[in-house]
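K.L.:
Attaching a single structure in structure tokens format; questions to follow.
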Amino acid sequence: MFGQVRVLGFVFAGLLVMAPGFASAAGDVLLGGVTPGGDVSVNGDSANNDYTITQNTNGTVTVTGNNGTTVNGQNTPQTTGKAVTGKISTNGRGGDDTITVHDVDVEDLKIKDELGTNTIEVDDAKISDKLEIKNSAGSIGVSDTSWGRRKIRKGTGTVNPASLNGDGVAGSVGTPPGSGGGGKKAARKSKKAPLNAQGQGLPTNNPGQRGVVVPELPNIPSGSYGGKSPKVPAPKGKY
């Protein structure tokens, strides 16, 4: 009988560990609520967390756990209920973490992971004020990103590009969003946006603008119409 009890207890313990809502072996990440000032915090635990922070077109932020890491005890990505416009702050807090932040447009971005050997990646980010990254060991990578000022500490690890380690004023690497090249995020958007006659992407988030095609003006020599403007056909499409 005691043997049966021990077996049942083992089975129950196994089910308890696998049940939704309990921290996994890769740890759990806590996504907090958005403050009145538009800030949000994302905090890991002592396990080897692996998570990705992204921003959606409506300004909300989504945190996705990778390789077994859960978010707020769940196996599915978790999203804030409000837009984030101020600061995104994340702290790995322990373990050998992998933290990825991409496709964000906020005032400040702060990433802190001063324990363990960590991999920190920032990509396709527009930081209007301060980009701050502190790592204990491992690697920091920044690409297609702009900032108003920076404070980066690599610890005993590396930074790519190496010139970013330390403090600095406004700058950028690669082709950040809004720089003309627009980075990877803009490239993805341009594939979805309708084009006008000049090949320029038209916004699709305006309900009153449904892919209107703007006709291209003909190449007319100066004075061909006696100083009168030629008639241009009206744009086709619904407004």
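No lab work stands behind these numbers, since they all come straight from the coordinates. Every value quoted in this text rests on a predicted model; they were computed, and no experiment measured them. Cβ sites come from the backbone with ideal geometry, for glycine too, and all protein chains shown count toward neighbours.
K.L.:
When only C-alpha pairs under 8 Å and at least 6 residues apart count, what is the relative contact order of the range 13-178, in percent?
P.N.:
16 percent.
K.L.:
Using amide H atoms built in the peptide plane, which far-off residues or other-chain residues are under 5 Å from V29 H to H?
P.N.:
Close amide H contacts, sequence-distant or interchain: T70, V71, N72, G73.
K.L.:
Please list the non-local residues whose amide H lies under 5 Å from the amide H of V142, H modeled 1.01 Å from N, same-chain partners needing a gap of 5 or more.
P.N.:
For V142, whose amide H was placed from the backbone, the distant partners under 5 Å are V122, N160.
K.L.:
Follow-up. Once you place label points 7 Å from the Cα toward the Cβ at S139 and D167, how far apart are they in nm?
P.N.:
2.9
K.L.:
Shape call for the range 103-179 from the C-alpha gyration tensor, a ≥ b ≥ c root eigenvalues: rounded (a/c under 1.5), prolate (a/b greater than b/c) or oblate?
P.N.:
prolate
K.L.:
Also, I was wondering about something else. Ordered by residue, what ³J(HN,Hα) values in Hz, to whole numbers, does the range 114-123 give under the Karplus form 6.51 cos²θ - 1.76 cosθ + 1.60, where θ = phi - 60° and Gly and Pro are x?
P.N.:
Those phi angles translate into 9, 10, x, 10, 10, 10, 10, 10, 10, 9 Hz.
K.L.:
Provide the gained length on full extension for the span S128 to T76, in nm with one decimal, where the gain is 0.36 nm per separating residue minus the Cα-Cα distance.
P.N.:
That pair, S128 and T76, stretches by 15.7 nm at full extension.
K.L.:
Could you tell me the number of lysine pairs in the range 13-178 with C-alpha atoms less than 15 Å from each other, where the two lysines are 8 or more residues apart or belong to different chains?
P.N.:
The result is 17.
K.L.:
Follow-up. Which whole-Hz ³J(HN,Hα) couplings does the range 144-152 yield from phi under the Karplus relation 6.51 cos²θ - 1.76 cosθ + 1.60, θ = phi - 60°, glycine and proline marked x?
P.N.:
Once rounded to whole Hz, the list reads 6, 9, 10, 8, x, 7, 9, 9, 10.
K.L.:
Using 0.36 nm per residue, how much length does the chain from A83 to R149 gain when fully extended, once their Cα-Cα distance is taken away?
P.N.:
The span from A83 to R149 would gain 21.5 nm if fully extended.
K.L.:
Okay, moving on. Decide, for the range 13-178, between rounded, prolate and oblate: order the square roots of the alpha carbon gyration tensor eigenvalues as a ≥ b ≥ c, take rounded if a/c falls under 1.5, and otherwise choose prolate if a/b is larger than b/c, else oblate.
P.N.:
In terms of gyration-tensor shape, oblate.
K.L.:
Whole-Hz Karplus ³J(HN,Hα) for the range 96-108, in order, using 6.51 cos²θ - 1.76 cosθ + 1.60 and θ = phi - 60°, x for Gly and Pro?
P.N.:
Along the range 96-108, the couplings run 9, 9, 10, 10, 10, 10, 8, 6, 10, 9, 9, 6, 9 Hz.
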